[in-house]
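Take a look at the structure set out below.
The values are calculated or read from the model by the stated rules, or taken from the named source; none is laboratory data. Treat the numbers as computed from the prediction; the structure is a model and nothing was measured. Glycine also receives a Cβ, built like all others from the backbone with ideal geometry; neighbour counts cover every protein chain displayed.
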Amino acid sequence: MPDPTIGERIRGAFRDKDALRPKAAVFSLTATSAGRVLGELAGLLLLASLTGLINGAAMVAAIYGVQWEVSDLLGMTQLACSAVLGAWLTWRVRQRPDPKGTPRWWPPLRTPAAGVLALTVFFTAIPIDSMLHDDVGPALFGCAVAWLAVEVCRAHGVWADNGAPYTAVQRLHAWQIAQMGFVACAATGFLFGWLAMFFLWIGPDSVPVMQDDQLSALGISGPVELVLAVVRAVVIEDVVIVAATVTLMKAVRRPTWEIYTLICLIEVALHAYFGLPAIGAAVMAAGRVWLYLRYRSLLPLMVSHALWDFVPTLQSLPSIPRMALGIGLILTVSLVDTRLKKAAGKGKPSAPSPVAPAAAAGDEVRNP
């Protein structure tokens, strides 16, 4: 006579396997009017992308041989955006109530911290030729816009992330999402390169294509400049353009196609300095939006995006060190993946008893 527990064991094994996969996200709705939410989102996106759009338009014009001097316009735009950002952020921070469990020392410091950041962002936006204005200021501006995006989401009763991973299963889920995010970025990078070669083959005189490498086009010449540029890109593109946009638009029940369309258009415009190959940015945008819509996990997307943004620095290395670094990276990823799966396997939930109601797979995963 067959063992009556075999079928349950098989079903339990499948439940255990599913428990080690990231769970689909659930987005909250807001009671605030849709017009107000979308209006604040439009303001966030304008602050986050306006200077990048102006700079990208100037670079595209330069590809066509049109020299458009925008330094004064960029300086005044950045200064105006910094003033609006500082006032808006300080006001939002002052208006936010303190939830239960907030440390007593934080509320008295929160508003002064926002004020100090706002003043720092404003003064570093003053158009003078220095590293503070060219590199530190934009990075701080991006961090301030990201903070404002978090405050806007909180004000409307929604939250843009599931939180940091605490358990072994949650850490494995975050690792899997980061891997998928890195693949989306890598696919975009290869698409950029392929499109550039294709359009150059067609004829550089008829199709706008960036002639220099990405770092040269952005004026990045040192490691400090690169780190600050990556910080700005990650906090603006992932926190504001992806997470806040998806969260707020889902909160007012906007259709998914509108979310994809808006974010892809913004990302393509921000990468306009690539020329026509910038259309490849839509792939990275769509991939990250899909991951965020499915899992609502922000930190893994930020980490994978930051790691990919450092890849262009490998182009300057000789072939042998580049190959050695690549092999070391592959081995490190494999080791981390194995250790996380092993740790998550030890803590995975056991199969539920046939007499007890089956618990939802992945109870260890924190619900939004």
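Count of the range 30-61 residues, restricted to those that are more than 22 Å from Pro127 (Cα to Cα) and in a helix (DSSP H, G or I), is 14. Cβ-Cβ distances below 7 Å connect no pair with a first residue in the range 307-331 that is under 20 Å from Val227 (Cα atoms) and not assigned by TED's automatic domain parsing to the domain that holds Pro223, a second residue that is among the polar types (S, T, N, Q) and at pLDDT 80 or above, and a separation of six or more residues or different chains.
Every test in (1) touching a helix residue (DSSP H, G or I) at 6+ places or on another chain (Cβ under 9 Å); (2) assigned to a helix (DSSP H, G or I); (3) farther than 17 Å from Leu195 by Cβ is passed by Thr261 save one, and that test is (1).
For the residues Leu276, Leu228, the requirement of being under 18 Å from Met59 (Cβ atoms), assigned by TED's automatic domain parsing to the domain that holds Trp159 and surrounded by 17 or more Cβ atoms within 10 Å (Cβ to Cβ) singles out Leu276. No other residue among Ala155, Ala168, Ala184 is crowded, with 21+ Cβ neighbours inside 10 Å and assigned by TED's automatic domain parsing to the domain that holds Leu44 apart from Ala184.
Of all residues in the range 142-151, none are farther than 30 Å from Val252 by Cβ, in contact (Cβ under 8 Å) with a residue 60 or more places away in the chain and under 23 Å from the mean Cα position of the chain (by Cα).
Summed over the range 64-111, residues that are part of a helix (DSSP H, G or I) and over 21 Å from His133 (Cβ atoms) total 13. For the range 330-362, a residue qualifies if it is modelled with pLDDT under 80 and part of a helix (DSSP H, G or I), and the qualifying residues are Ala344, Gly345, Lys346.
For (1) among the hydrophobic types (A, V, I, L, M, F, W, C); (2) under 17 Å from Leu265 (Cβ atoms); (3) more than 20 Å from the chain's Cα centre (by Cα), each residue gets a yes or a no:
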| position | (1), (2), (3) |
| --- | --- |
| Leu29 | yes, no, yes |
| Ser33 | no, no, yes |
| Arg36 | no, no, yes |
| Leu45 | yes, yes, no |
| Ser49 | no, yes, no |
| Ala57 | yes, yes, yes |
| Ala61 | yes, no, yes |
| Tyr64 | no, no, yes |
| Trp68 | yes, no, yes |
